[in-house]
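First the structure, in the form of structure tokens, and then the observations on it.
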């Protein structure tokens, strides 16, 4: 892992993209793991990326957000999933430092994906990017009104080492600040998956990246570009994509 970029919407001490060691492959390739994930997602899943985060005391991590940028390389209607695995115990009555989320039944981010899929169509995107107020838009993080809804309906769980949280890309979630205490930092590992029938969308990828560049200074993973180098538009994401993106 390395220090996050100087300009970044998340508050972390360390961050690392494409952290995929042999043990990671052994986990997502195991029969037992695949069985459990299929039961959770109700379909087969394809592993896409491993990411590591560390926050220190009084750091807040990410604000309320959904995963549009994390999964913009697939069609907006296709499902993407995050398995969030804390590597330290999380106690909501002591230091916190975990993950808060809101049920899709209360407030879903699905409409954001529908909105952006319309904005990034080739016949509309150029005109929209000329909007002088574009810098005021944030297509990933909650606005002031949404923050009130999300804070009032959030769920925050305790975690022991070995526990994990599994959510899809439409679920609003945020990091919980790590309060001062005996734990100097909290590390977490994220495994990202897509539904095994997900297809690559060149239009959604390129359009969403254009919106990101126009509205944010965040440095994102370059995985979408890696995908564009090896897959054709509309192609099903192969189950060996992790190997392909290294080639």
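Values as computed for the structure displayed
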item: Search result, residues across segment 148-166 that are closer than 16 Å to residue 66 by Cα and surrounded by fewer than 18 Cβ atoms within 10 Å (Cβ to Cβ); result: 148, 149, 151, 153, 155, 166
item: Cβ pairs under 6 Å, 6+ apart, first in segment 217-246 and farther than 16 Å from residue 50 by Cα, second assigned to a helix (DSSP H, G or I) and at pLDDT below 85; result: 230/244
item: Failed criterion for residue 96 (all others in (1) closer than 27 Å to residue 11 by Cβ; (2) modelled with pLDDT of 90 or more; (3) within 20 Å of the chain's Cα centre (by Cα) hold); result: (3)
item: Single residue of segment 49-66 satisfying the filter (at pLDDT below 95 and farther than 14 Å from residue 176 by Cβ) that is surrounded by the fewest Cβ atoms within 10 Å (Cβ to Cβ); result: 52
item: Those residues of segment 213-225 which are surrounded by fewer than 18 Cβ atoms within 10 Å (Cβ to Cβ) and either at pLDDT 70 or above or over 15 Å from the mean Cα position of the chain (by Cα) (or both), in sequence order; result: 213, 214, 215, 217, 225
item: Selection from segment 119-147 of residues that are surrounded by 13 or more Cβ atoms within 10 Å (Cβ to Cβ) and in a helix (DSSP H, G or I); result: 119, 125, 128, 129, 146, 147
item: Test: residue in segment 69-87 that is within 16 Å of residue 177 (Cβ to Cβ) and assigned to a loop (DSSP other than H, G, I, E, B); result: no
item: Scope segment 105-118; condition touching a residue at least 40 places away in the same chain (Cβ under 8 Å) and either in a loop (DSSP other than H, G, I, E, B) or loosely packed, with under 13 Cβ neighbours inside 10 Å (or both); matching residues; result: 106, 107, 109
item: Residue that is nearest to residue 89 (Cα to Cα) [pool: residues in segment 16-48 that are at pLDDT 80 or above and in a strand (DSSP E or B)]; result: 16
item: Checklist (1) closer than 30 Å to residue 148 by Cβ; (2) over 20 Å from the mean Cα position of the chain (by Cα) applied to residue 36, failing item; result: (1)
item: Every residue from segment 157-174 that is touching a helix residue (DSSP H, G or I) at 6+ places or on another chain (Cβ under 9 Å) and either at pLDDT below 95 or in a loop (DSSP other than H, G, I, E, B) (or both); result: 169, 170, 172
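The values are calculated or read from the model by the stated rules, or taken from the named source; none is laboratory data. Treat the numbers as computed from the prediction; the structure is a model and nothing was measured. Virtual Cβ from ideal backbone geometry, glycine too; neighbours counted across all protein chains shown.
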